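A.B. asks: My questions all concern the structure below.
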Amino acid sequence: MNKLLLVFLPLVLTDCATQSGAKFADNPEEYGLFVAAANVFMNTPIAVKNTATGEVTALTVKHYESGDVGYVAESLPAGRYQLESYSPDDTTSIPIETANGYFEVQDNCFNYGGEYDFGVDAQGNPAYTNSTTLKDIEKLPHTIRKYAEGRDICAAGMGKASERLAAADVQSQLAL
């Protein structure tokens, strides 16, 4: 039974990543793929709100490999998204309130949000840090990284305007 689980689990996780990117792969003119890494230790949600429509979407942190790093890979319509909350344990929802807690998604683009480190600030309030480095895309699991092949890459870091890099300019810099 355990051997079957070890064979079946990677297939399920690969399928989850594929489903998350399906809308983007099938209809890139209407969707962008938002990708980020997070230090959330369980498969739990990060809630974001589309600032134009008010729609709240749960971005699920999924763990594809062993270790503490989880990954978000979600097809989203183009627009600006405000970070609303995250759950460190899939039970508690911790609100995040900050003026620069937003990211932008562009359609037909691999929108890389970088790495999120959730925690608390000096006063004990929920906080996060975000770093975005183009070369970090190489460290993503292949089931996510494959969506960057032959695509424009958009910097979707928190609190910054999105910057689009043409596929022709990026592909020679990344080992995908």
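A.B. asks: Quick check on Ser87: is it at pLDDT below 85, farther than 24 Å from Ala155 by Cα and either aliphatic (A, V, I, L, M) or crowded, with 16+ Cβ neighbours inside 10 Å (or both)?
C.D. replies: Working: at pLDDT below 85: yes; farther than 24 Å from Ala155 by Cα: yes; either aliphatic (A, V, I, L, M) or crowded, with 16+ Cβ neighbours inside 10 Å (or both): yes.
Spelling it out, Ser87 is indeed at pLDDT below 85, farther than 24 Å from Ala155 by Cα and either aliphatic (A, V, I, L, M) or crowded, with 16+ Cβ neighbours inside 10 Å (or both).
A.B. asks: Take the stretch 82-109 and flag every residue that is in contact with a strand residue (DSSP E or B) (Cβ under 6 Å, 6 or more places away or on another chain), of a type in the set (S, T, N, Q) and under 21 Å from Ile144 (Cα atoms).
C.D. replies: Gln106
A.B. asks: Write out, first by first residue and then by second, each pair whose Cβ atoms fall under 8 Å of each other, whose residues are 6+ apart or on separate chains, and whose first residue, in the stretch 51-65, is buried (at least 16 other Cβ atoms within 10 Å of the Cβ) while the second is assigned to a loop (DSSP other than H, G, I, E, B) and not polar (S, T, N, Q).
C.D. replies: Val61/Val40; Val61/Met42; His63/Met42; His63/Val69; Tyr64/Pro141
Residues checked against (1) buried (at least 17 other Cβ atoms within 10 Å of the Cβ); (2) out of contact with any Gly (no Cβ under 6 Å at 6 or more places or on another chain); (3) assigned to a helix (DSSP H, G or I); (4) of a type in the set (Gly, Ala, Ser):
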| residue | (1), (2), (3), (4) |
| --- | --- |
| Asn43 | no, yes, no, no |
| Val48 | yes, yes, no, no |
| Thr98 | no, yes, no, no |
| Ala122 | no, yes, no, yes |
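A.B. asks: To continue, here is another question. How many of the residues making up the stretch 19-41 are hydrophobic (A, V, I, L, M, F, W, C), in a strand (DSSP E or B) and under 16 Å from Asp107 (Cβ atoms)? Lay out the reasoning, then the answer.
C.D. replies: Going residue by residue through the stretch 19-41, those that are hydrophobic (A, V, I, L, M, F, W, C) are 22, 24-25, 33-38, 40-41.
Next cut, in a strand (DSSP E or B) only: 33-38.
This time we only want the ones that are under 16 Å from Asp107 (Cβ atoms), so: 33-35.
Of the residues in the stretch 19-41, 3 are hydrophobic (A, V, I, L, M, F, W, C), in a strand (DSSP E or B) and under 16 Å from Asp107 (Cβ atoms).
A.B. asks: Of all residues in the stretch 137-176, which are of a type outside the set (A, V, I, L, M) and in a helix (DSSP H, G or I)?
C.D. replies: In the first step, residues of the stretch 137-176 are kept if they are of a type outside the set (A, V, I, L, M); the result is 138-139, 141-143, 145-147, 149-152, 154, 157, 159-160, 162-164, 169, 171-173.
Correct list: Glu138, Lys139, His142, Thr143, Arg145, Lys146, Tyr147, Asp169, Gln171, Ser172, Gln173.
A.B. asks: Would you please name the residue that is farthest from the chain's Cα centre (by Cα), looking only at residues in the stretch 66-81 that are crowded, with 18+ Cβ neighbours inside 10 Å and in a strand (DSSP E or B)? Talk me through it step by step, then tell me what you get.
C.D. replies: Of the residues in the stretch 66-81, the ones crowded, with 18+ Cβ neighbours inside 10 Å are 69-76, 78, 81.
Applying the additional criterion that residues be in a strand (DSSP E or B) yields 70-76, 81.
Values: Gly70: 9, Tyr71: 6, Val72: 3, Ala73: 5, Glu74: 6, Ser75: 9, Leu76: 10, Tyr81: 12 Å.
Here the answer is Tyr81.
A.B. asks: Sticking with this one: In this structure, is Asn108 closer than 24 Å to Ser20 by Cα, modelled with pLDDT under 90 and either loosely packed, with under 13 Cβ neighbours inside 10 Å or within 16 Å of the chain's Cα centre (by Cα) (or both)?
C.D. replies: Working: closer than 24 Å to Ser20 by Cα: yes; modelled with pLDDT under 90: no; either loosely packed, with under 13 Cβ neighbours inside 10 Å or within 16 Å of the chain's Cα centre (by Cα) (or both): yes.
In short, no.
A.B. asks: Can you find, within the stretch 20-56, the residue that is nearest to Ser87 (Cα to Cα) among those that are modelled with pLDDT under 95 and of a type in the set (S, T, N, Q)?
C.D. replies: Ranking the candidates gives Thr44 first.
A.B. asks: Where residues in the stretch 138-172 are without any contact (Cβ under 8 Å) to a residue 12 or more places away in the chain, over 19 Å from Ala37 (Cα atoms) and not charged (D, E, K, R), which of them is surrounded by the most Cβ atoms within 10 Å (Cβ to Cβ)?
C.D. replies: So the residue we want is Ala168.
A.B. asks: Of the residues that make up the stretch 125-133, is at least one surrounded by fewer than 21 Cβ atoms within 10 Å (Cβ to Cβ), at pLDDT 90 or above and part of a loop (DSSP other than H, G, I, E, B)?
C.D. replies: no
The values are calculated or read from the model by the stated rules, or taken from the named source; none is laboratory data. For clarity, every value in this text was computed on a predicted model and none was experimentally measured. Glycine also receives a Cβ, built like all others from the backbone with ideal geometry; neighbour counts cover every protein chain displayed.
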